[in-house]
1. Of all residues being free of Cβ contacts under 8 Å to residues at least 60 places away in the same chain and surrounded by fewer than 18 Cβ atoms within 10 Å (Cβ to Cβ) in region 155-187, which is nearest to Arg463 (Cα to Cα)? Just the residue, please.
2. Taking the condition of being open to solvent by less than 60 Å² (accessible area, probe 1.4 Å) and either among the aliphatic types (A, V, I, L, M) or modelled with pLDDT of 95 or more (or both), how many residues in region 247-258 meet it?
3. If you scan region 574-589, which residues turn out to be open to solvent by less than 40 Å² (accessible area, probe 1.4 Å) and either modelled with pLDDT under 95 or under 20 Å from Met544 (Cβ atoms) (or both)?
4. Could you give me the residue pairs with C-beta distances under 8 Å whose first residue belongs to region 270-284 and is assigned by the TED database to the domain that holds Trp248 and over 25 Å from Tyr303 (Cα atoms), whose second residue is among the hydrophobic types (A, V, I, L, M, F, W, C) and assigned to a strand (DSSP E or B) wherever it lies, and which are 6+ apart or on separate chains?
5. Inspect all residues belonging to region 624-647 and state whether any of them is in contact with a strand residue (DSSP E or B) (Cβ under 8 Å, 6 or more places away or on another chain), among the β-branched types (Val, Ile, Thr) and crowded, with 21+ Cβ neighbours inside 10 Å.
6. Inside region 779-804, can you point out the residues that are part of a loop (DSSP other than H, G, I, E, B) and loosely packed, with under 14 Cβ neighbours inside 10 Å?
7. In contact with a helix residue (DSSP H, G or I) (Cβ under 7 Å, 6 or more places away or on another chain), in the same structural domain as Pro567 (by the TED database) and open to solvent by 40 Å² or more (accessible area, probe 1.4 Å) - does that describe any residue in region 649-666?
8. Could you go through region 669-685 and let me know if any residue there is within 23 Å of the chain's Cα centre (by Cα), over 19 Å from Gln718 (Cβ atoms), at pLDDT below 90 and of a type outside the set (D, E, K, R).
Amino acid sequence: MASFAVSGARLGVVRPGGGAARSGGERRSGVDLPPVLFKRKDSFSRTVLSCAGAPGKVLVPGGGNDDLLSSAEPAVDTPVQSEELEVPDEAELVVEETASSSATEASSAVEVEEKTEPSVVIKGTSETETDGVAIKTKAPLVEEKPRVIPPPGDGQRMYQIDPMLEGFRNHLDYRYSEYKRMRAAIDQHEGGLDAFSRGYEKLGFTRSAEGITYREWAPGAHSAALVGDFNNWNPNADTMTRNEYGVWEIFLPNNADGSPAIPHGSRVKIRMDTPSGVKDSIPAWIKFSVQAPGEIPYNGIYYDPPEEEKYVFKHPQPKRPKSLRIYESHVGMSSPEPKINTYANFRDEVLPRIKRLGYNAVQIMAIQEHSYYASFGYHVTNFFAPSSRFGTPEDLKSLIDKAHELGLLVLMDIVHSHASNNTLDGLNGFDGTDTHYFHGGARGHHWMWDSRLFNYGSWEVLRFLLSNARWWLEEYKFDGFRFDGVTSMMYTHHGLQVAFTGNYGEYFGFATDVDAVVYLMLVNDLIHGLYPEAVAIGEDVSGMPTFCIPVQDGGVGFDYRLHMAVPDKWIELLKQSDEYWKMGDIVHTLTNRRWLEKCVTYAESHDQALVGDKTIAFWLMDKDMYDFMALDRPSTPQIDRGIALHKMIRLVTMGLGGEGYLNFMGNEFGHPEWIDFPRGPQSLPNGSVIPGNNYSYDKCRRRFDLGDADYLRYRGMQEFDQAMQHLEEKYEFMTSDHQYVSRKHEEDKVIIFERGDLVFVFNFHWSNSYFDYRVGCFKPGRYKIVLDSDDGLFGGFSRLDHEAEYFTADWPHDNRPFSFSVYAPSRTAVVYALAEDE
């Protein structure tokens, strides 16, 4: 194992022909390596980040058992830049032991066996298959299937996949060499990504048979003490000791009766004397935090329930489905009532709804603790703690287990792109410095989001974030992630005030944050190596090439990218009359995807539902939704148009837009109005005041009752969305290799395409219906209607006979070898399938 923080000289990159390369004068990128390798300056100096460690003897790898924080020279064959390399004597590798015998016990409790292989095999889970579902259970008596993070590849296959990358080989080879350098350093210093990503077993609170150990990396602090209910918040009762790398530590032995020194559920904080003054902070690795009634800052909670109170998972995690149909959700606003909903209610009421609607994955927002509810969960304060607003960690585990019982994947909307600006209950200024977890100065602040930006070139930041991703997969059994704000991570301009045109120079140049891209490659290595069934989705608006190419082939390694251009296109079109919509424009946007890079497409997500924006339903029907959605009163032309286009937009998006589909909860039935979190008035620096909503929850809920009401027109839209999901489940058209657009007729306003064995016919014309409209197809036979947006069940006008059969003729049409004739009513989408395939 290696020393915790590593910052000091940076290693150069060996390139063919020798020498340290900067890839055309590019900004140097790279993670700092352990300072014990270099001539040290003042260990408290903030010009060189300190290295975290723990008391006790540090052993040289190869010299026996490796202590928690050994500091060994990495086997990276690269020249050194900026500082001289000094190979320390064995005596210099010994860290002074603490005087406390209890601390020595704690140190020995975390000794780990030396890992010598660059890719670590993790045992402890076996994988069996029952009814097609992978079951991972602890079975010590059964030979277990190892989970292995593969070593880096040569990173060259991406040039075969996308020949246009050849012109940027310098940048991409440099990027991959940085990734390989980091993998080598982690292997050498930490025993591989497996050990490195288990930081939660060493930092924060850890429990042994003898007591509780608490460690915190805070190199900027001058002194530290653990305070809380357990010692009456006395800063002199439990002072901590600091090792030379900036890790503070204390061991609390069990009470005389064997009970832990800190009771489960009691409040804890770390009090530090810092360059910014004395401050109480929630431990960075805290597993639970709560906001006491009447208080503003959160309190860290020592969370270690007795065995009988711990939730035990009962159901296996489902295997990754061939296609993803994602129901994006937020636990707090998932109740029809104006309140904050709970994990338990979501488990019992919402999960069965998601299953019934035909989705196979639920993506949950706002899991990581965030002190500001209206941030939608994106201003994270406590990265390892599930939000206490909705219940306990055990409640969340119960929710996830129930989803697995229903066969649903549970994806977490994880935020590693930035952190809350809060200093009282977040990471900002944690040790009293500006550069602890984040970049210093302007680079460390996101001016639009008012949040802090991680320094992905810091060893300890890598440990923190990689461990955080693993924590949610390991402890809570999430099935994957949707990584938020990836564009902001990958570019130093964060995608702000930048228009991406598709020119590859916009992706691979000086504005690229190579450290951040390398982190994304590492976390995807971790996810796919240790959790092969897990899903990684990245939110990237820039369209960076290589984003979904495997890391071994030189890519960033995501499974899917969010097809963010699609909702933007729909909003652009909805601002004009559909008479002006261009069929070719719609098709181009939906199909503009890179070869071999899968996309999750969507017509709208939570972004479009927020106050200040409009959902598709609201764009289409506006104020008429308030008065004309009841079936016992006449409709209006705007309502009829809105319901028809709402269904067509969603189906054409799913049909052409990608290999996965996403919908935000409630939008399947055209949820009225917007989302407005409870808030008070906000005073701006210029003296103006943004009025609040009197802290109302009225528009921070989901009116599922509207979609269920058989006397409202919302019901028809919900029924259509359900039929659309079940159609994809049956025919799996989103993942079919066969996709062919045969018609984009601007005058007729018709789009016809094949996806899999289905034929989709869209007539977007507002008034023209077409009799005997010829439809080209690839396969001959007898076709029948399998989905009709005009069905009366879906709020349509029932203009088609679903018992009719359509026989193909040997009549080539639209470059297809066969064709058949149909009736295509105005503003209607119809899907046809060969009758024998039903």
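The values are calculated or read from the model by the stated rules, or taken from the named source; none is laboratory data. The structure presented is a predicted model; accordingly, all values stated were derived computationally and were not measured. Cβ coordinates were reconstructed from backbone atoms using ideal geometry, including for glycine residues, and neighbour counts include every protein chain displayed. Please note that ligands, DNA and RNA were not included when accessible areas were found on the heavy atoms of the full protein model with its side chains. Shrake-Rupley method; radii C 1.70, N 1.55, O 1.52, S 1.80 Å.
1. Taking the candidates together, the pick is Arg169.
2. Looking only at region 247-258, we keep the residues that are open to solvent by less than 60 Å² (accessible area, probe 1.4 Å), and these are 247-252, 254, 258.
Narrowing further to those that are either among the aliphatic types (A, V, I, L, M) or modelled with pLDDT of 95 or more (or both): 247-252, 254.
Of the residues in region 247-258, 7 are open to solvent by less than 60 Å² (accessible area, probe 1.4 Å) and either among the aliphatic types (A, V, I, L, M) or modelled with pLDDT of 95 or more (or both).
3. As a first pass, look at region 574-589 and keep what is open to solvent by less than 40 Å² (accessible area, probe 1.4 Å): 574, 578, 581, 583-584, 586-587, 589.
If the condition is that a residue be open to solvent by less than 40 Å² (accessible area, probe 1.4 Å) and either modelled with pLDDT under 95 or under 20 Å from Met544 (Cβ atoms) (or both), then Leu574, Asp578, Thr589 are the ones that fit.
4. Asp273/Ala224; Val278/Met272
5. We begin by selecting, within region 624-647, every residue in contact with a strand residue (DSSP E or B) (Cβ under 8 Å, 6 or more places away or on another chain); these are 629-631, 644, 647.
Those left that are additionally among the β-branched types (Val, Ile, Thr): none.
Within region 624-647, not a single residue is in contact with a strand residue (DSSP E or B) (Cβ under 8 Å, 6 or more places away or on another chain), among the β-branched types (Val, Ile, Thr) and crowded, with 21+ Cβ neighbours inside 10 Å.
6. If we filter region 779-804 for residues that are part of a loop (DSSP other than H, G, I, E, B), which is where we start, we get 779-781, 789-791, 795-804.
Passing the criteria: Ser798, Asp801, His802, Glu803, Ala804.
7. no
8. Yes, region 669-685 has at least one match.
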